[in-house]
Amino acid sequence: MSLLILNKREVSQLLSMPKCIELMEAALASLARGEVVLPLRPVIRIPDTNNFFGVMPAYSGALKAIGAKLISVFPANHGTALASHQGAVALFDGSNGCLLSLMDAASITAIRTAAVSGVATKLLARKDASTVTILGSGVQARTHIDAMLAARPFQHVIVWSRDPKHAHALVESASKDHQVAFEVAGDRAAAVGHADVICTVTASREPVLEGTWLRDGTHINAVGASVPTARELDTAAVTRSRVFVDCRESALNEAGELIIPMKKGKFAASDIVAEIGELLTGAAKGRRSEHEITLFKSLGVAVEDLACAQWLYERARADSVGTTVEF
């Protein structure tokens with residue numbers, strides 16, 4: 001049996017942000033139509049650390065594919081030579097069960113997570129949105145700049161980071177690829193107050209975004225926290241917003257932004273307006289006015305990785321990219 005292996009460079013070479021946004025729209029719509037089997041991801045928490053190892057399996061009838069992402073998350077790797085998210089995506093043929101490919105998970109995660117935020121921004125941000133604020137300066141901050149500018153014609157990007165050097169380095173890198181106005185913010189509240197769209201992409205376990213800073217009409221993509229005990233948004237930011245998610249089951253079991261307010265009686269499961277896929281299929285409606293605040297809580301679900309892997313496999317074979325081994 002031949003096995004195709006794609007490394008980080010090859011994944012990034014093949015999978016552009018506009019293409020990934022298109023793939024995520026199709027994957028999330030398929031999830032909303034009930035064409036995907038998506039169990040909750042089992043997670044092993046490494047004792048006495050903030051690190052964990054997760055397995056994210058999915059089956060897609062529309063793609064006729066099975067897959068799983070095996071991923072380690074070590075937040076302390078931020079700022080080192082190692083990525084905080086490392087692992088592999090395994091792609092299987094949904095018709096016969098054959099293992100087809102192993103791909104670098106970190107690069108797929110970096111691109112598809114931002115692409116999903118791009119989908120949410122297309123659907124929920126005000127039509128006249130012109131300024132996006134990025135809270136964070138790591139891998140997801142960089143890909144979120146790409147995704148936001150692929151999703152909407154923003155004119156101004158503000159970056160805030162706890163480490164101003166990291167923020168300046170990010171702006172220097174991004175400005176080489178995008179001809180928009182960039183700014184490094186020293187004051188977080190001011191950066192939020194000037195934003196039409198906010199992306200929180202930090203490794204913080206405590207809120208970095210407060211509801212009192214938000215102005216009417218803002219859209220938020222909350223991305224960085226993915227466990228029940230961590231959150232980037234305070235309760236006020238959540239309760240001021242109409243809340244959308246990628247998957248209800250995942251959000252109610254894993255999203256600290258929602259779970260912590262729920263335990264305090266400030267939020268309920270019924271307060272989730274819709275999954276993003278339901279907006280794509282027309283089963284639910286998104287923004288109702290120019291004044292309301294919308295929040296997309298992103299956790300990342302395995303069908304997103306599966307859709308990327310299936311497309312990458314087909315494209316790599318067509319373009320003779322990657323390494324094929326007998327397995």
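Summary of values
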read-out	value
All positions within the range 93-123 that are within 9 Å of the chain's Cα centre (by Cα) and either farther than 24 Å from GLN13 by Cα or without any contact (Cβ under 8 Å) to a residue 60 or more places away in the chain (or both)	ALA110
Residue count for the range 78-98, restricted to those that are farther than 15 Å from VAL43 by Cα, modelled with pLDDT under 85 and surrounded by 14 or more Cβ atoms within 10 Å (Cβ to Cβ)	3
Cβ-Cβ under 9 Å pairs, at least 6 apart or on other chains, the range 209-226 side touching a residue at least 12 places away in the same chain (Cβ under 8 Å) and closer than 22 Å to ALA76 by Cβ, far side among the acidic types (Asp, Glu) and not in a strand (DSSP E or B)	ALA222/GLU232; ALA222/GLU257; VAL223/GLU232; GLY224/GLU232; ALA225/GLU232; ALA225/GLU257; SER226/GLU254
Candidates THR202, THR212, filtered to the one that is crowded, with 21+ Cβ neighbours inside 10 Å and farther than 18 Å from VAL245 by Cα	THR202
Residue match in the range 68-84 (condition: part of a loop (DSSP other than H, G, I, E, B) and of a type in the set (Lys, Arg))	no
Filter result for ALA125 (within 30 Å of VAL192 (Cβ to Cβ), touching a Lys or Arg at 6+ places or on another chain (Cβ under 9 Å), modelled with pLDDT of 95 or more and crowded, with 22+ Cβ neighbours inside 10 Å)	yes
Exclusive hit being of a type in the set (S, T, N, Q) and closer than 20 Å to ILE21 by Cα, set GLN140, GLN179	GLN140
Count - residues of the range 251-307 that are more than 24 Å from HIS85 (Cα to Cα) and either in a loop (DSSP other than H, G, I, E, B) or at pLDDT below 95 (or both)	16
Selection within the range 106-155 - among the hydrophobic types (A, V, I, L, M, F, W, C) and closer than 19 Å to GLN179 by Cα	ALA129, VAL132, ILE134, ALA141, ILE145, ALA147, MET148, LEU149, ALA150, ALA151, PHE154
Residue within the range 278-290 that is within 23 Å of the chain's Cα centre (by Cα) and hydroxyl-bearing (Ser, Thr, Tyr) present	yes
GLY87 vs. criteria small (Gly, Ala, Ser) and at positive phi	yes
Residues (outside any strand (DSSP E or B) and under 17 Å from SER250 (Cβ atoms)) located in the range 38-53	LEU38, PRO39, LEU40, ARG41, PRO42
Any hit, the range 133-143, residues being in the same structural domain as ALA62 (by TED's automatic domain parsing), at pLDDT below 95 and part of a helix (DSSP H, G or I)	no
Number of the condition not met by ALA88 [criteria: (1) within 17 Å of CYS308 (Cβ to Cβ); (2) more than 19 Å from the chain's Cα centre (by Cα)]	(2)
Identity of the residue in the range 1-43, more than 29 Å from VAL245 (Cβ to Cβ) and at pLDDT below 95, that ends up surrounded by the most Cβ atoms within 10 Å (Cβ to Cβ)	SER2
Residues satisfying the stated conditions in the range 85-110, i.e. among the polar types (S, T, N, Q) and in a loop (DSSP other than H, G, I, E, B)	SER95, ASN96
Only one of ALA255, ALA269 that is more than 18 Å from THR218 (Cβ to Cβ) and buried (at least 23 other Cβ atoms within 10 Å of the Cβ)	ALA255
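The values are calculated or read from the model by the stated rules, or taken from the named source; none is laboratory data. Predicted, not measured: the structure shown is a model, and the values here were computed from it. Ideal geometry is used to build each Cβ from the backbone, glycine not excepted, and the neighbour counts take in all protein chains shown.
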